[in-house]
Structure formats: structure tokens, C-alpha cells
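Report on one structure; see the data block that follows.
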Amino acid sequence: MHRQAILTQLGYSVSENTLAQLERVIDNTVGFEHVEKHLITLHDALKPYYSFVALSSTKDYFKIKNEAHDTEMVDEVNEMITKWATKYKITLEKVPHKNTYYVIGYK
């Protein structure tokens, strides 16, 4: 997938800064060519739950943010994320005390 398309589909404007950040994230994601196929699909599936895939502002990883509004929905989204990672053999790192995960890469 073209770099600009990834940014656009994740809701970012295309600029030198976002392209450079995306390149760092891609370089840091193990097996990115496998992971990229599934990121946008997950992002789209999470939207109805007020959750999304984004570029992390603190680490050079994609992050998955679960911002669902109630406990039941938060649990449902966390389950979706876990099933997605298991199905596509993607390693995640949970951020302590948050419903956020870093996408480390392909197992």
C-alpha cells in the first residue's frame, strides 16, 4: 500500500512530518508487509466503537486506541483486538493502565 494512502486512511494529512513518522514506524514494525494488509481493516472495524489505529506520538509504533464509552463496549473492543492479533499472528504490547496497544509486528 502506498505510504500516502496509509496516512489518509488512518485520518492523517500527508506532510513531510507525517511521512517521516510513518517511515520510522514502518522500519520499527517487524514484518510490516504482513501487518499492513490488516491494519486498515482493523481501523475500519473499530470506528463504530470510537476506537482506532494511529501513529504513536511517544514510540515509533502503530497504536490501537480503545476509546469505547462503556465497560461492556471496552471489553468487546479489547476482545476484537486480541482476536485480530491472534488471527493474523501479530504481536501487541499493552500500554500499562490504558486501553491502548502498540503493534510490534508479525510473529
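Looking at (1) closer than 23 Å to residue 107 by Cβ; (2) surrounded by 14 or more Cβ atoms within 10 Å (Cβ to Cβ); (3) touching a Lys or Arg at 6+ places or on another chain (Cβ under 9 Å); (4) of a type in the set (A, V, I, L, M, F, W, C), which one does residue 30 not meet, given that it meets all the others?
Condition (2) is where residue 30 drops out.
Given the structure, is residue 30 out of contact with any Pro (no Cβ under 8 Å at 6 or more places or on another chain), in contact (Cβ under 8 Å) with a residue 40 or more places away in the chain, under 24 Å from residue 13 (Cα atoms) and of a type in the set (A, V, I, L, M, F, W, C)? Break it down stepwise before answering.
Details: out of contact with any Pro (no Cβ under 8 Å at 6 or more places or on another chain): yes; in contact (Cβ under 8 Å) with a residue 40 or more places away in the chain: yes; under 24 Å from residue 13 (Cα atoms): no; of a type in the set (A, V, I, L, M, F, W, C): yes.
Spelling it out, it is not the case that residue 30 is out of contact with any Pro (no Cβ under 8 Å at 6 or more places or on another chain), in contact (Cβ under 8 Å) with a residue 40 or more places away in the chain, under 24 Å from residue 13 (Cα atoms) and of a type in the set (A, V, I, L, M, F, W, C).
Can you confirm whether segment 67-79 contains a residue that is within 22 Å of residue 19 (Cβ to Cβ) and at pLDDT below 95?
Keep residues of segment 67-79 that are within 22 Å of residue 19 (Cβ to Cβ), which gives none.
No, because not a single residue in segment 67-79 is within 22 Å of residue 19 (Cβ to Cβ) and at pLDDT below 95.
Please work out which one of (1) assigned to a helix (DSSP H, G or I); (2) crowded, with 18+ Cβ neighbours inside 10 Å is the condition residue 53 fails and give its number.
Only one criterion is unmet by residue 53, namely (1).
A quick yes/no check of all residues on (1) modelled with pLDDT under 95; (2) touching a helix residue (DSSP H, G or I) at 6+ places or on another chain (Cβ under 7 Å); (3) part of a helix (DSSP H, G or I):
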site: 7; (1), (2), (3): no, yes, yes
site: 18; (1), (2), (3): no, yes, yes
site: 22; (1), (2), (3): no, yes, yes
site: 27; (1), (2), (3): no, no, yes
site: 34; (1), (2), (3): yes, no, yes
site: 44; (1), (2), (3): no, no, yes
site: 47; (1), (2), (3): no, no, yes
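The values are calculated or read from the model by the stated rules, or taken from the named source; none is laboratory data. Every value quoted in this text rests on a predicted model; they were computed, and no experiment measured them. Ideal geometry is used to build each Cβ from the backbone, glycine not excepted, and the neighbour counts take in all protein chains shown.
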